[in-house]
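Asker: Structure incoming, see below.
The values are calculated or read from the model by the stated rules, or taken from the named source; none is laboratory data. Source: prediction; values computed, not measured. Neighbour counts are summed over all protein chains in view; Cβ atoms, including those assigned to glycine, are modelled from backbone coordinates with ideal geometry. Surface accessibility is based on the protein's heavy atoms, side chains included, excluding ligands, DNA and RNA. Shrake-Rupley method; radii C 1.70, N 1.55, O 1.52, S 1.80 Å.
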Amino acid sequence: MKIAIMGAMPEEIEPILDKLDNIKETLYAANRYYEGSYNGQDVVVAYSKIGKVFATLTATILIEKFGCDRLLFSGVAGAISDELKIGDLIIADGLCQHDLDITAFGHPFGYVPEGEVCISSDIQLRNIAKKVAKQKGLTLKEGIIATGDQFIANSERKEWIKKTFKADALEMEGASVAVVCNALDIPFFILRAISDSADMDAGFDFDTFLESSAKISADFILSIVDEM
Ligand code: 3QA
């Protein structure tokens with residue numbers, strides 16, 4: 001088993017890199033990939049850069065070039081559900097693209113022919129995450145994560161995403177990782193800790209809580225690796 005651990009921003013993977021042994025850095029496709037081991041388990045770590053296109057590229061390379069057969073995403077997200085406060089953890093049971101729109105042809109938001117509105121993450125990995133949360137006495141919400149190439153700092157847009165996709169949190173990479181892993185048949189899951197509430201304070205909150213929330217997510221991911 002070789003596990004890919006992916007984030008979008010440097011802050012999201014730095015707490016993980018700090019814990020790896022024997023790191024080997026490879027430059028490929030204009031990005032850095034870090035092969036190493038965590039408590040004896042082979043892992044490959046990378047941050048993609050922000051957004052769906054970069055995330056798609058990085059997830060594909062982690063699988064196709066580095067031979068990873070599991071993919072875990074760790075990072076931060078904007079909350080939609082009122083239950084989620086800054087620092088809280090959510091795992092995606094399903095992921096959708098809120099900015100995908102060919103509704104002019106009568107299709108639902110988030111859908112293109114031969115695709116699906118919502119892609120499910122791996123049930124076994126989700127169960128491991130729940131077990132780890134229980135052991136640690138942490139609350140872990142399970143729900144739908146909506147992805148799009150927009151930083152949402154607007155309550156109206158947030159409400160629209162909530163209503164349209166029944167989403168609990170939003171970010172900018174998860175659904176593209178889901179598309180890649182689903183197509184290549186690689187078990188994956190997406191974990192996020194809340195950094196903001198996607199409202200008019202989101203920019204400020206994000207800057208304030210990016211580092212602390214990214215660390216919460218990264219620590220949880222490493223406990224999951226231990227449990228796999
Ligand atoms: C936002 C990051 C992107 O990778 C998606 C954080 C947290 N809150 C969000 C929100 N809307 C959408 N996504 C999120 N991540 C990048 S913009 C800031 C870049 O600063 C999740 C996320 N409300 C870089 C310094 O200039």
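Asker: Using the Karplus curve 6.51 cos²θ - 1.76 cosθ + 1.60 with θ = phi - 60°, work out ³J(HN,Hα) for each residue of segment 160-170 in order, rounded to whole Hz, and write x for Gly and Pro.
Answerer: Values per residue, Gly and Pro as x: 5, 5, 4, 5, 6, 10, 6, 7, 9, 8, 9 Hz.
Asker: Relative to the longest principal Cα axis of the chain, at what angle does helix 52-64 sit, 0 to 90 degrees, rounded to 10?
Answerer: Taking Cα atoms only, the helix is inclined about 30 degrees.
Asker: Oh, and also: Measure of size requested: the Rg and Dmax of the chain, with Cα atoms as the atom set and Å as the unit; please supply both.
Answerer: Just the Cα atoms of the chain yield Rg and Dmax of 16.4, 53 Å.
Asker: Next up: Report for the chain the percent antiparallel among DSSP-assigned beta bridges with both residues inside it, nearest 5.
Answerer: 40 percent
Asker: Once the Cα atoms of helix 202-227 and of the chain are each reduced to a long axis, what angle between those two axes, in degrees from 0 to 90 to the nearest 10, is obtained?
Answerer: Once rounded, one gets 50 degrees.
Asker: Report the label-to-label distance for residue 28 and residue 156 in nanometres (one decimal), using points 7 Å from each Cα along the Cα→Cβ vector.
Answerer: 4.5 nm
Asker: Quick check for you: with a 1.4 Å probe and neighbouring chains kept, what is the accessible area per residue of segment 90-185, in Å²?
Answerer: Here the per-residue accessible area is 51 Å².
Asker: If the reach is capped at under 16 angstrom between alpha carbons, list the aspartates and glutamates near residue 130, excluding any in the same chain fewer than eight residues apart.
Answerer: The reachable aspartates and glutamates, counting only those whose Cα sits under 16 Å from residue 130, are 88, 93, 122, 142, 219, 226, 227.
Asker: Quickly rank 123-131, 141-149 as a protection proxy: mean count of other C-beta atoms within 10 Å, highest first.
Answerer: Sorting 123-131, 141-149 by mean packing, highest first, produces 141-149, 123-131.
Asker: Follow-up. Report, in degrees rounded to the nearest 10, the 0 to 90 angle that the Cα long axis of helix 123-136 makes with the longest principal axis of the chain.
Answerer: Here the helix axis deviates by roughly 80 degrees.
Asker: Could you order peptides 173-185, 204-216 by the average number of other Cβ atoms within 10 Å of their residues, highest first?
Answerer: So the peptides 173-185, 204-216, ranked by packing, come out 173-185, 204-216.
Asker: Right, here's the next one. Which pairs break 24 Å Cα to Cα here: 134/158; 49/215; 141/163; 85/136; 52/162?
Answerer: 134/158
Asker: Among the lysines, select those whose C-alpha is under 16 Å from the C-alpha of residue 65, and discard any that sit fewer than 8 residues away in the same chain.
Answerer: The qualifying lysines are 2, 24.
Asker: Something else about it: Amide H to amide H under 5 Å from residue 97: which residues, 5+ apart in sequence or cross-chain, H placed 1.01 Å off N in plane?
Answerer: 147
Asker: Oh, and also: Given a Förster radius of 35 Å and the C-beta distance between residue 211 and residue 39 as r, what FRET efficiency does 1/(1 + (r/R0)^6) yield to the nearest 0.05?
Answerer: Once rounded, the FRET efficiency stands at 0.90.
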